[in-house]
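Please read the structure below before turning to the comments.
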Amino acid sequence: MFVSGYIFIRNAEKYDYPVSEAILSVLPLVEEMIVLVGNSDDNTLGIIQAIGSDKIKIHHSVWDDSLREGGRVFAEETRKAMALVSPKADWVIGLQADECLHENEYASIQKAMTDNLKDTSIDGLLFDYLHFYGDYNFVGNSRKWYKREIRVIRNRPDIFPYKDSQGFRKGDNKKLVVKHSGAKIYHYSWVKPPAKQKAKLKFFHSRWHSDDWVDEHLGKEEEFDYSTIDALKRFEGIHPKIYAERIARYNAPVGLKEGNFIKAPLKKFLFWWESLTGWRIGEYKNYILVR
């Protein structure tokens, strides 16, 4: 079984993307790691080169910043990265630059890929998500956070990134048939110093919307206000080992606490129902899950 990985990144240093940790978390599972480095204003290339693995294959890309509608530029960069994967690959693991796999779950991921290798009806593998917010002790647990996504796919030309590359589709826009990987994605997009978080959000949304929209909805403040969260749950688990240094040097925002701060009655009821039953009413699922 040949497994490839890919990731794309631009301005990792400028916007504090933990891309090194993302790449390092994938390397034990793959034979090659495609890293597509976009045109950056910082030392992103040096960060990737410093990892020093023979598995890493660096390629360069110039983003088409005119592709703002629906985050199309992210899908385009994903397509470029997927096209660089070895034709020998059976499975492809694709992470975002702020996502991480946990070493305690490598065996589950490996087993899922091995067990489903010959079952060509299975297009990919699904992962649960932990969305860390503000610091490394809390996860967002309201309906605004997606619960699951596909992060392992078959190496097939009919599979393509869907919309902004959050997920995938195949053929004539059909959902992928997937099994669960038995693992989680540790998502650290919302754990940054407030100034870095605000700068990153402005950059991200500028790939979706006009400059006027960004100014109107994100304001002129230079730091992100973490107190606007609607619900938080304390994280009781263990972070991936490769995050130890990043966690040790991080100064968390003051005042974050566990709780449900939702005020709208319907949203409050839906949050309560999901907390009680584990079932998210009206959950968006960009996949067909088989047991």
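Segment I288..H59, full-extension length gain: 79.2 nm, with 0.36 nm per residue of separation and the alpha-carbon distance subtracted.
With the Cα gyration tensor of the chain giving a ≥ b ≥ c as the square roots of its eigenvalues, does the rule (a/c under 1.5 for rounded; else a/b larger than b/c for prolate; else oblate) give rounded, prolate or oblate?
rounded
Which of the residue pairs K200/K285; K14/K285; K179/K268; K184/K233 have a Cα-Cα distance greater than 22 Å in the structure shown? Let's see the in-between values first.
Working: K200/K285 27 Å; K14/K285 33 Å; K179/K268 31 Å; K184/K233 17 Å.
Long pairs (Cα-Cα over 22 Å): K200/K285; K14/K285; K179/K268.
The DSSP beta bridges internal to the chain are antiparallel in roughly 45% of cases. For the pair the stretch 45-80 / the stretch 1-41, the C-alpha centres are spaced 8 Å from each other. Note on E223 and R246: the model spin-label points, each 7 Å out from Cα along the C-beta direction, lie 2.2 nm apart.
Rounded, prolate or oblate: pick one for the stretch 48-188, where a ≥ b ≥ c are the square roots of the eigenvalues of its C-alpha gyration tensor, a/c under 1.5 means rounded, and failing that, prolate if a/b is larger than b/c, else oblate.
Rounded shape, in that the Cα axes give a/c under 1.5.
Remark: the chain carries a charge dipole of roughly 980 debye about the Cα centre, counting +1 on each Lys and Arg Cβ and -1 on each Asp and Glu Cβ.
With springs connecting C-alpha atoms under 10 Å apart, model the chain as a Gaussian network and identify which of T277, T44, T120 has the largest mean-square fluctuation. Result for the chain, Cα springs under 10 Å: T277 fluctuates most. One decimal place: the segment D119-V254 gains 43.6 nm when fully extended, by the rule 0.36 nm per residue minus the C-alpha distance. Ellipticity at 222 nm from helices only: DSSP H runs of n ≥ 4 in the chain, each -39500 (n - 2.57), divided by the residue count, give -7500 deg cm²/dmol.
Could you tell me the calculated FRET efficiency between K144 and F203, based on Cβ-Cβ distance and R0 = 22 angstrom, to the nearest 0.05? If you can, show how the numbers build up before the last one.
Working: r = 20 Å, r/R0 = 0.93.
Efficiency, rounded to the nearest 0.05: 0.60.
Compute the FRET efficiency between K88 and D172 as 1/(1 + (r/R0)^6), taking r as their Cβ-Cβ distance and R0 = 30 Å, and round to the nearest 0.05. Using R0 = 30 Å, I get an efficiency of 0.65.
Since every read-out is calculated from the coordinates, none of them should be taken as a lab result. Remember, predicted model here, so these are calculated numbers, not experimental data. Cβ atoms come from the backbone with ideal geometry, glycine included; neighbour counts cover every protein chain shown.
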